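Reading through the structure tokens given below for one structure.
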Amino acid sequence: MRRLGPTSLPGQIALLVAVALFVAQALNFTLLLRERRAFRFAEITLPAVTRLIDAAERTGAPRRTGDDRMRGVRLVTDRVPPLRGAVETDVERTIRSNFAEAGIRVGRIAARIRPIDEAEIRDRGIGGRRAERLRRMGALLDAAVELPGRGWLVSHTPWPMAERGLLWQLLAQTFILYVIVLLPVLWIGRRIAKPLRRLAMAARAFHPGRPLPAIEPSGPQDVRLLISAFIDLGQRVNAMVDEKDRMLGAIGHDLRTPLAALRVRIESVEDDTDRARMAETIDEMNATLDDILSLARLGRPSEAATDVDVAALVDAVVDDFRDLGHDVDFVEAARVPLHLRPNLMRRAVRNLIENAIKYAGAAEVRVETGAHAVTIVVADRGPGIPVDRLDAVFDPFIRLETSRNRDTGGIGLGLALARAIVRDAGGEIALANRDGGGLNATIRLPR
């Protein structure tokens with residue numbers, strides 16, 4: 001079983017759900033953060049600004065609240081408050097706009113948010129609920145407003161550090177959601193993907209005319225129905241192939257019988273030339289019938305695959321052509337064992353060499369061995385093939401030579417049969433024009 005990964009169905013589902021949960025939590029965090037900030041503005045910033053404005057209006061008799069209580073507003077006239085650090089521009093802007101609405105002229109405005117520690121609470125002598133509130137808030141908003149000619153109004157307001165706690169809270173929620181949601185999603189995706197992977201393997205392994213790979217319907221109901229439909233489809237395909245084979249056997253028998261009778265009857269023809277032409281025609285019809293039946297039955301070959309020395313197989317085919325007086329050269333190659341059907345592969349190589357002899361008068365054959373494949377090359381110096389027809393010539397009954405002479409063009413089944421044989425062996429066949437003229441016909445078989 002292939003290990004689950006991001007590209008598998010469960011991995012993809014889990015990834016989509018994880019992304020959706022992350023986006024949802026990010027939106028939730030943004031909305032909550034805005035809500036907390038709006039709450040903080042309404043409950044903390046505005047009251048602090050209101051106290052500053054109230055103190056500014058009564059600077060003639062300012063209400064002073066002791067620093068030990070760390071609240072209220074005080075007027076500082078002898079020095080500039082040491083308000084350094086990060087400036088909260090939104091707080092400053094709020095203070096300035098509210099003072100302007102109140103009609104109070106101000107100068108510089110400074111504000112900062114600083115953390116408060118336990119030592120400061122202890123030094124100020126704050127205890128009870130107020131100390132607990134300060135600890136819970138975690139920070140102070142220090143604000144200073146310059147009143148030209150009168151001094152500085154300074155206030156210290158508890159400031160809640162909402163973002164930090166909110167972030168950890170949402171991270172914990174996200175983790176819990178991932179555990180609660182993603183684990184069931186992975187389990188469901190695996191339950192769906194496992195039978196689908198078996199179905200995909202069975203579909204790749206299925207060949208018409210051969211027994212269906214063993215696969216049992218499993219998984220959710222829709223997946224079981226899909227697997228059952230595949231099994232039914234495979235059975236119907238095999239039934240059609242069986243019917244085709246029976247039909248071809250009947251056609252072959254029905255055609256060979258009258259051809260054999262004609263062969264006997266032509267012996268009574270007195271003219272030797274006519275008798276020879278009739279015999280050639282009958283032989284041509286028998287050869288054509290053999291090619292058609294071989295191509296049609298290739299999906300269910302009766303020959304079993306065995307370990308074969310490819311170099312020796314090709315050399316034997318070349319020797320057959322040499323014995324017939326044809327100019328065919330073979331480049332000696334090292335022993336290369338492959339598991340294939342030898343008679344069918346001989347026929348494929350023979351068809352390529354026959355084409356080379358028909359169109360070029362000679363052929364050069366070689367076997368090349370690579371780390372992952374064995375290549376059989378049949379080269380000639382014939383006219384070649386137009387580039388736009390290199391693939392079309394593999395189709396059945398396609399001939400580049402338009403005459404009806406079988407000696408110069410055949411019936412257009414040789415290359416189609418060769419490609420079907422090579423593909424049945426798990427390989428591929430291709431044609432390519434040679435530099436300087438001619439053609440390379442290449443069979444590539446995986447090792």
Inset, instruction - Quick one: Ala333 ticks every box in (1) surrounded by 15 or more Cβ atoms within 10 Å (Cβ to Cβ); (2) more than 16 Å from Ala420 (Cβ to Cβ); (3) touching a Gly at 6+ places or on another chain (Cβ under 7 Å) except a single one, so which number is it? - result: (3)
Inset, instruction - Return yes or no: is Ile376 within 22 Å of Ala432 (Cβ to Cβ), of a type outside the set (D, E, K, R), within 37 Å of the chain's Cα centre (by Cα) and modelled with pLDDT of 90 or more? - result: yes
Inset, instruction - Filter segment 206-223 down to residues that are surrounded by 12 or more Cβ atoms within 10 Å (Cβ to Cβ) and either closer than 20 Å to Val237 by Cα or among the acidic types (Asp, Glu) (or both), then give me how many there are. - result: 9
Inset, instruction - Give the residue that is modelled with the highest pLDDT, with candidates limited to residues of segment 323-339 that are part of a strand (DSSP E or B) and among the β-branched types (Val, Ile, Thr). - result: Val328
Legend entry - Residue satisfying all of: in segment 340-368; within 12 Å of Ile443 (Cα to Cα) and outside any helix (DSSP H, G or I); farthest from the chain's Cα centre (by Cα) among these: Val365
Inset, instruction - Quick one: Ile227 ticks every box in (1) open to solvent by 70 Å² or more (accessible area, probe 1.4 Å); (2) more than 25 Å from Asp424 (Cβ to Cβ) except a single one, so which number is it? - result: (1)
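The values are calculated or read from the model by the stated rules, or taken from the named source; none is laboratory data. Since we're looking at a predicted model, the values are computed, not measured. All Cβ positions, glycine included, derive from the backbone under ideal geometry; neighbour counts span all protein chains shown. Just the protein is used for accessible areas: all its heavy atoms, side chains included, with ligands, DNA and RNA removed. Shrake-Rupley method; radii C 1.70, N 1.55, O 1.52, S 1.80 Å.
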